[in-house]
Structure formats: structure tokens, C-alpha cells
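Enquirer: First the structure, which I've put down as C-alpha cells, then a few questions once you've had a look.
The values are calculated or read from the model by the stated rules, or taken from the named source; none is laboratory data. What you are looking at is a predicted structure, and each value in this text was computed from that prediction instead of being measured. In this analysis, Cβ positions are derived from the backbone assuming ideal geometry, glycine residues included, and neighbour counts consider all displayed protein chains. Heads up: the accessible areas ignore ligands, DNA and RNA and are worked out on the full protein's heavy atoms, side chains in. Shrake-Rupley method; radii C 1.70, N 1.55, O 1.52, S 1.80 Å.
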Amino acid sequence: METKLPDVSVNINEKSAFDYPIFIGENLLKNAQLYVSSYTKASKFLIVTNKTVANLYRESLNIQNAEWMVLEDGEQYKNFDTYKLIMDKALEMRLERKDAFIAFGGGVVGDITGFCAATYLRGIDFIQIPTTLLAQVDSSVGGKVAINTQFGKNLVGAFYQPKLVLADTSTLCTLDKRQFKTGLAEVVKYAFIEKTAMCNFNFLNFLLDNSELIKSKDLGILKEMIKICCEIKARVVNEDEQEKGLRAILNFGHTYAHAIEKVTNYTHFTHGEAVAIGMRLVFDLAKMRNMISSDYYNLAIKLLSKFALTYVLPDSTTHEALVEAMLFDKKVQDNKVRFVLPVDVGKVVITSDVML
Ligand SMILES: NC(=O)c1ccc[n+]([C@@H]2O[C@H](COP(=O)([O-])OP(=O)(O)OC[C@H]3O[C@@H](n4cnc5c(N)ncnc54)[C@H](O)[C@@H]3O)[C@@H](O)[C@H]2O)c1
Ligand SMILES: [Zn+2]
């Protein structure tokens, strides 16, 4: 049996060696061995996952010559201690240059495993098998890998592309409502930044028209939706792998979101919830500056509401605290905070001239 053609291909154009497929669909886990053998020459694998995913899916993922490393579940474990545990395990099992890591889980597992792969023996292959909506539409694509430090999130990392991404949509059935919505916030983000040339149709309308099917996790529509998100992200990353320009549009809503997460100690909101608030705030800002029509503003609010991506900041979160947090973000250059603002459906501009 041969693998079918990939659903999306990412090639990072300056380095033609980076050309990897993304497969999206139901029940891919059971054929994972086939995909893995087709896209790596590895003879041994270290599969990194967490307790939650292992409990649900360990039996479904059968890869020969693999050892498992099961982490505790949580963002707080994306740190140096876990990095060391994984490295020690890889060294103990004598994983070699031609072998590979497999990240099996959400964005936390993907980010830390990717960073291990980037640095183990100065870099060995890795495969992403994302199991959250956020990981399938965002973190598994684009090659940013990292761990958190006591000074902030994702401060130690690399740009390192996987050899293969296998997004099994069936795994989303067990994702709880809150985590699913967190992923949807990033999906909606693509509708606001999508360039029409990238898709044959308007992604924003696609989401509005199919909102009920999406919310009920219809696997056919989820596959289509995830594919469009990956296509948009892949094209943006392809033009700007290391975030020198265009890639910044993927941060739509994120300038506020990162500040909101920081000010609320990363405990009050999930990342997607903070992004949803961030997107609402940039739409308010663009409206205040007369940058968008009221029709587009209303459409954006309608889309956020359709997916119940409407959250309120706690009273204790002041404007001053948010501004301070934004000024300390790692993306700040020359004390200027960069915002991605909407101008029209699927069109944004990047600007630093916002009065805070
Ligand atoms: N590298 C990038 O470009 C990028 C982009 C966005 C976010 N991120 C990172 O991704 C991380 C967030 O990712 P996330 O939202 O996937 O969080 P996560 O990995 O913590 O997963 C969320 C929760 O869902 C559980 N889970 C995973 N798959 C499941 C399944 N199929 N069924 C039931 N439960 C399941 C996890 O155990 C966890 O409790 C953050 O660390 C963030 O920094 C990275
Ligand atoms: Zn995000």
C-alpha cells in the first residue's frame, strides 16, 4: 500500500531541501507506520507524548522500533527540566543521527519535541502528529519550536521543520469544548488575514456558512477547514520562514493576546481565548481609526459570536498593565509595539504607530 498525495505541501523556498507533506484526515493513526516509513529513513523512533494523549491513543499508534516517553500534561512542563528528561532518554536508547523523534500530542508536546529534535546530535528528523485543533492548524506547521523559561514563554527555541505532519481529525472528537474553541480562535484568525489569492473562495464566508457543522465536529468539514488553515500558514511561512516580514501577519490579535495572558498569569484564559479578545480589540482599534467599514466590523463581530469567541477581560486587568506587558514582549523593537490591523476582508497592515 502506498501513501496518497499530501493534502498540503510546505516548501521553504530558500532552502529547497525543506519540502514536507501534511496529511489531514480520519483514522490516519492506524496507517502511521506507512507514512513514517515513506518520509524518513529512521530505523528507531522516540515518541514523545503526554499522559492524557497516551491514555486515549497509545494503542492506536503503532510504530515499529519505537520507545515512548510520556510527559506530565501541561504548559508548565514545556521547560528545561522536561527538555533534559527527553534528551537523556534519547541518549540512553542511543538514538542516532538517522533516527527520529515523533511528537504525538498538542502544541506543548510538539514545541518541546521539535526543540529536542533540533538540538539532539545537532539536529535529527522529527515528525509531528498533532492531536489538538490548535496544533493541527497552527503549531505543527511552520517550524517554530521552543521551550518556556522563567523569563517568559518560548524564549529558547529554533526554526526547525518536521519531515512530515500527520493530522488525524478523528482525534479531535475527544478534545474538550474549551480546547476545541481555543483552536477555533486561530482558525478565525486565518479568515481575517487570508489573502484572496491563496484560496479559491472567501474563508470568512466558508466559516460563517459551515459554523454549525464545524461546531458539531463534522469530520468532513473539519478536514476542509484544517487544510485551508495549513495552506494559508504554509504559504506565509514559505515566503518568510524566519519572521522578517510577512510572517508577522500570523500574529493578528496576538499583540494584545500575549499581554492579556501575561497580565492574567497564564491562568485565566487559554491562548485561544486571549487571541479572541485580542482580535476583538484590534477590530475596535481599526474602527476607531476609520480603517475599516462598519460592514466589515459587523461581519467580524458576527463571526466571533457565531463560535462564541466572546470573552470579557477581568475588571482587575487595567489598560496600563496591558501596555506595560506589550512593551516587554520579545517582538518589541526600539520600544515600538507592532500591531497587525484589519483593513478589509482578508487584508491586514502591520503598523507601529498606535498610541498606547
Ligand atoms: N510553534 C508554534 O508555531 C506555535 C503556535 C501556536 C501555539 N504554540 C504553542 O502550543 C502550545 C499550546 O498548544 P495546545 O493548545 O495544543 O495545548 P496542549 O498541548 O496543552 O493541549 C491542550 C490540552 O488538550 C489535551 N489533548 C491533546 N490532544 C487531545 C485529544 N486528542 N483529546 C483530548 N485531549 C487532548 C492535552 O493533554 C492538554 O491537556 C503552547 O505552548 C503554545 O506556545 C506554538
Ligand atoms: Zn496563537
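Enquirer: Report whether or not residue 166 is more than 28 Å from residue 41 (Cβ to Cβ) and not assigned by TED's automatic domain parsing to the domain that holds residue 266. Steps first, answer last, please.
Expert: On the way: more than 28 Å from residue 41 (Cβ to Cβ): no; not assigned by TED's automatic domain parsing to the domain that holds residue 266: yes.
It is false that residue 166 is more than 28 Å from residue 41 (Cβ to Cβ) and not assigned by TED's automatic domain parsing to the domain that holds residue 266.
Enquirer: Is it the case, given these coordinates, that residue 64 is open to solvent by 20 Å² or more (accessible area, probe 1.4 Å) and outside any helix (DSSP H, G or I)? Explain how you work it out, then say what you get.
Expert: Details: open to solvent by 20 Å² or more (accessible area, probe 1.4 Å): yes; outside any helix (DSSP H, G or I): yes.
It is true that residue 64 is open to solvent by 20 Å² or more (accessible area, probe 1.4 Å) and outside any helix (DSSP H, G or I).
Enquirer: Restricting attention to region 238-293, which residues are over 21 Å from residue 354 (Cα atoms), part of a helix (DSSP H, G or I) and either out of contact with any Leu (no Cβ under 9 Å at 6 or more places or on another chain) or not assigned by TED's automatic domain parsing to the domain that holds residue 327 (or both)?
Expert: Result: 238, single match.
To keep it simple, each residue is scored yes or no on (1) on the phi < 0 side of the Ramachandran plot; (2) at pLDDT 95 or above; (3) not assigned by TED's automatic domain parsing to the domain that holds residue 107.
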| residue | (1), (2), (3) |
| --- | --- |
| 3 | yes, no, yes |
| 13 | yes, no, no |
| 19 | yes, no, no |
| 27 | no, no, no |
| 32 | yes, yes, no |
| 38 | yes, no, no |
| 45 | yes, yes, no |
| 48 | yes, yes, no |
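Enquirer: Sticking with this one: For residues that are open to solvent by 10 Å² or more (accessible area, probe 1.4 Å) and in contact with a helix residue (DSSP H, G or I) (Cβ under 8 Å, 6 or more places away or on another chain), scanning just region 229-244, find the one that is modelled with the lowest pLDDT. Break it down stepwise before answering.
Expert: As a first pass, look at region 229-244 and keep what is open to solvent by 10 Å² or more (accessible area, probe 1.4 Å): 231, 233, 235, 238-240, 242-244.
Add one more test, that the residue is in contact with a helix residue (DSSP H, G or I) (Cβ under 8 Å, 6 or more places away or on another chain), and what stays is 231, 233, 235, 239-240.
On the way: 231: 89, 233: 90, 235: 83, 239: 79, 240: 71.
This residue is 240.
Enquirer: For residue 97, only one of the following conditions fails: (1) open to solvent by 10 Å² or more (accessible area, probe 1.4 Å); (2) more than 15 Å from ligand 1 (Cβ to nearest atom); (3) part of a helix (DSSP H, G or I). What is its number?
Expert: (3)
Enquirer: Using the structure shown, decide if residue 325 is in contact (Cβ under 8 Å) with a residue 24 or more places away in the chain and not in a loop (DSSP other than H, G, I, E, B).
Expert: Values: in contact (Cβ under 8 Å) with a residue 24 or more places away in the chain: yes; not in a loop (DSSP other than H, G, I, E, B): yes.
So residue 325 passes the test.
Enquirer: Also, I was wondering about something else. In region 263-274, is there at least one residue being away from ligand 2 (no atom under 13 Å from the Cβ), open to solvent by less than 30 Å² (accessible area, probe 1.4 Å) and modelled with pLDDT of 90 or more? Give the derivation first.
Expert: First, the residues of region 263-274 that are away from ligand 2 (no atom under 13 Å from the Cβ): 263-268.
Going one step further and asking which of them are open to solvent by less than 30 Å² (accessible area, probe 1.4 Å), we end up with 264.
Filter again for modelled with pLDDT of 90 or more, leaving 264.
For region 263-274, residues away from ligand 2 (no atom under 13 Å from the Cβ), open to solvent by less than 30 Å² (accessible area, probe 1.4 Å) and modelled with pLDDT of 90 or more: present.
Enquirer: Additional query: What is the residue count in region 294-317 for residues that are closer than 18 Å to residue 276 by Cα, of a type outside the set (A, V, I, L, M) and either over 23 Å from the mean Cα position of the chain (by Cα) or outside the structural domain of residue 342 (by TED's automatic domain parsing) (or both)?
Expert: Filtering region 294-317 down to residues closer than 18 Å to residue 276 by Cα leaves 296-315, 317.
Now narrow it down to the ones that are of a type outside the set (A, V, I, L, M): 296-298, 302, 305-307, 310-311, 314-315, 317.
From what is left, the residues that are either over 23 Å from the mean Cα position of the chain (by Cα) or outside the structural domain of residue 342 (by TED's automatic domain parsing) (or both) are 296-298, 302, 314-315, 317.
Result for region 294-317: 7.
Enquirer: How many residues does region 25-45 hold that are among the aromatic types (Phe, Trp, Tyr) and open to solvent by less than 40 Å² (accessible area, probe 1.4 Å)? Outline the logic, then answer.
Expert: So the first thing to find is which residues in region 25-45 are among the aromatic types (Phe, Trp, Tyr), and the list is 35, 39, 45.
Right, trim to open to solvent by less than 40 Å² (accessible area, probe 1.4 Å) and you get 35, 45.
The number of residues fulfilling the criteria is 2.
Enquirer: Can you tell me which residue among 283, 328 is open to solvent by 20 Å² or more (accessible area, probe 1.4 Å), under 24 Å from the mean Cα position of the chain (by Cα) and aromatic (Phe, Trp, Tyr)? Talk me through it step by step, then tell me what you get.
Expert: Numbers: 283 fails: open to solvent by 20 Å² or more (accessible area, probe 1.4 Å).
So the residue among 283, 328 that is open to solvent by 20 Å² or more (accessible area, probe 1.4 Å), under 24 Å from the mean Cα position of the chain (by Cα) and aromatic (Phe, Trp, Tyr) is 328.
Enquirer: Right, next: Just checking, how many residues over region 46-60 are of a type outside the set (S, T, N, Q) and buried (at least 20 other Cβ atoms within 10 Å of the Cβ)?
Expert: Of the residues in that region, 4 qualify.
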